[in-house]
Amino acid sequence: MKKVLVLAAVLAIVLFFSNNIFAQKVFSVQYESQAQVKVFVVSYESQADLCVYKEQYESQAGNNDGKWFFEDYESQAKKKIFFVDYESQADLKIFFVDYESQAGWKNKSKFATME
């Protein structure tokens, strides 16, 4: 019985950390120099590299699939992003979608940008 409880605890810890490692949890930094990825929000879905859905809860964040959760604290985020003013400054062009099912990559060559 004791072995089962220990195994269950270890499994729970592994699942907890693996979910947090791969979740697309982002933090919007104040300065460009702090960012890992510079992002530009485009006006039309067809212009985007990635369609992003803003999740309401951390547990709903995706695995580099466009489902983002914006963290309140930089230390909790997987990626630090900075929103640039001009498309030419961006590493990644995104479009915010209204429905979770619309999230995803349009330009797979940029996939590594958010890994």
Of the residues in region 61-104, how many are within 12 Å of the chain's Cα centre (by Cα), among the basic types (Lys, Arg) and crowded, with 17+ Cβ neighbours inside 10 Å?
3
Select from region 39-53 the residues that are under 19 Å from residue 29 (Cβ atoms) and over 9 Å from the mean Cα position of the chain (by Cα) and write down the one among them that is surrounded by the fewest Cβ atoms within 10 Å (Cβ to Cβ).
41
Against the condition of a type in the set (Lys, Arg) and touching a residue at least 60 places away in the same chain (Cβ under 8 Å), how does residue 93 come out, does it pass?
no
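Bear in mind that the values in this text are calculations on the coordinates, not laboratory data. These numbers come from a predicted model, not from an experiment. All Cβ positions, glycine included, derive from the backbone under ideal geometry; neighbour counts span all protein chains shown.
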